[in-house]
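Notes to accompany the following structure.
Every number in this text was worked out from the coordinates using simple rules, so none of it is lab data. Fair warning: this is a prediction, and the values are worked out from it, not measured in the lab. Neighbour counts run over all protein chains shown; Cβ positions are idealised from the backbone, glycine included.
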Amino acid sequence: MNTTITRDIELSLADAGMVLAAPLLDASGSMLLPEGSTLTEATLKSLRRRGIERCTISLPADTADPAQRARERELACARLQHLFRHSAEQEAGPALLQMLTGFRNRD
Amino acid sequence: MTAIDDVIKRIHNLPSLPAVVAELLSSMEQEDIDVHALAGKIALDQALTAKTLRLANSSFYGLPSKVNSIQQAISVLGFHSIRTLVTACSVTGSFAPTPGLEFDFEAFWRHAVGTAVCARALAPQIRLSPETAFTAGLLHDLGTLVLATRFPKEYSEVEAYHQQHDCTTSAAERAVFGFDHAGIGSALAAYWKFPLPIQQAVEEHHQPPPTSSLSTVIYLANVLAHALDFSGQEDDQVPPLSKQAWALLNLSESSGFALFSEAEHLFDDMCQILVH
């Protein structure tokens, strides 16, 4: 369920804490930062000064697209209902179902 | 109907686990263990060693550099972890799919590994050893494998009943055989010389005693493994969850989420190596 996707974005949209999915190169092709580096405020400032305009970052797949995420949640909840089809009304079944529904819907 | 004694007899015709695994199992109840000697014996089994090292080097353990030998794996991860991994590799390798047999081995092992990882995650909540819980979780449904591989004709009737009634595997087994896999699994655990608490947990995993114990952990782990949809079977279902067992866990929402997350991550890593 937890896979990452890569996004090519404008540097102005990058935040500290984001992780590079590809090495960041300068105009002449020299590597400034390797793949896997975490961007900090300091590195972002320095990159802006150098005139770097874009970077490729990796994102957890579930933050990618809200509509996609909503669809995934719907499917996950429907699947839970199917799994609990014989136990949703007995004993602690409802309690577990409720907790798992919350889990599948989490951010 | 097949008498339960016939099944027990068949169990005694099954191959034993490798000698080194039997030694590892008896070490579970000893305090004074010759780790070095045991490590040497494990290393003699190349296939077992290779699989164990792949698990030790998986992202679950997140080791900064790879381990290349059993001795090294033990010094980095500890003897108990390696014992569990070796046992898991040996058990999952012991039932080869029979050609022509219509039994979903992959789904079976996915659920077994799923239960094992849930048990490992749950064990600290009830102050039990995560390694023992993992092993018991892995073994809990082995009785089903015995029935499916040794009594294929009857087992296809079980599958048919199961599909027709949309019931649990146990209910279908009881309808066809007159008994279910719990007692069979515990007889196999005894034959393979697993410690008594593990044998009991396998026996009791559908109906644990009211006090908290390994049996309760395995019971809960089994329910959770179904609820987390680990087997990948379309018609899977969550068995009944007793209020008493759930209350023993006393899970808050945040610990519940953390538990589910941990189980899912561990499951992905373990499955890649243990399930073919």
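A Cβ distance below 9 Å, combined with a sequence gap of six or more or placement on separate chains, defines the contacts here; from the stretch B:104-131, residues that are closer than 21 Å to B:Arg83 by Cα reach residues that are of a type in the set (Lys, Arg) in the pairs B:Pro130/B:Arg120; B:Glu131/B:Arg83; B:Glu131/B:Arg120.
Is it the case that the stretch A:67-78 has a residue that's at the interface with chain B (Cβ under 7 Å from one of its Cβ atoms) and on the phi < 0 side of the Ramachandran plot? Full working, then the answer.
To start, the set of residues in the stretch A:67-78 that are at the interface with chain B (Cβ under 7 Å from one of its Cβ atoms) comprises none.
The answer is no, given that none of the residues of the stretch A:67-78 is at the interface with chain B (Cβ under 7 Å from one of its Cβ atoms) and on the phi < 0 side of the Ramachandran plot.
Among residues of the stretch A:79-98 being more than 16 Å from B:Lys243 (Cβ to Cβ) and in contact with a helix residue (DSSP H, G or I) (Cβ under 7 Å, 6 or more places away or on another chain), the one that is nearest to the other protein chains (Cβ to nearest Cβ) is A:Leu83.
Restricting attention to the stretch B:237-263, the residues that are within 8 Å of another protein chain (Cβ to nearest Cβ) and in contact (Cβ under 8 Å) with a residue 40 or more places away in the chain total 3. When B:Pro209 is tested against the conditions (1) free of Cβ contacts under 8 Å to residues at least 24 places away in the same chain; (2) within 9 Å of chain A (Cβ to nearest Cβ), the lone failure is (2). Scanning the stretch A:24-46 for residues that are part of a loop (DSSP other than H, G, I, E, B) and either at negative phi or within 25 Å of the chain's Cα centre (by Cα) (or both) returns A:Asp26, A:Ala27, A:Ser28, A:Ser30, A:Pro34, A:Glu35, A:Gly36, A:Ser37, A:Leu39, A:Thr40.
Exactly one residue out of B:Leu266, B:Leu188, B:Leu220, B:Leu274 is within 27 Å of B:Glu159 (Cα to Cα), surrounded by 20 or more Cβ atoms within 10 Å (Cβ to Cβ) and within 14 Å of chain A (Cβ to nearest Cβ): that is B:Leu220.
Do you know which residues across the stretch B:223-232 are in contact (Cβ under 8 Å) with a residue 40 or more places away in the chain and at the interface with chain A (Cβ under 10 Å from one of its Cβ atoms)? Break it down into steps so the answer makes sense when it comes.
Here is the first cut: in the stretch B:223-232, the residues in contact (Cβ under 8 Å) with a residue 40 or more places away in the chain are B:224-226, B:228, B:230-232.
The answer is B:Leu224, B:His226, B:Leu228.
Among the residues of the stretch B:38-55, is there at least one that is among the polar types (S, T, N, Q) and in contact with a Leu (Cβ under 6 Å, 6 or more places away or on another chain)? Looking through the stretch B:38-55, at least one residue is among the polar types (S, T, N, Q) and in contact with a Leu (Cβ under 6 Å, 6 or more places away or on another chain).
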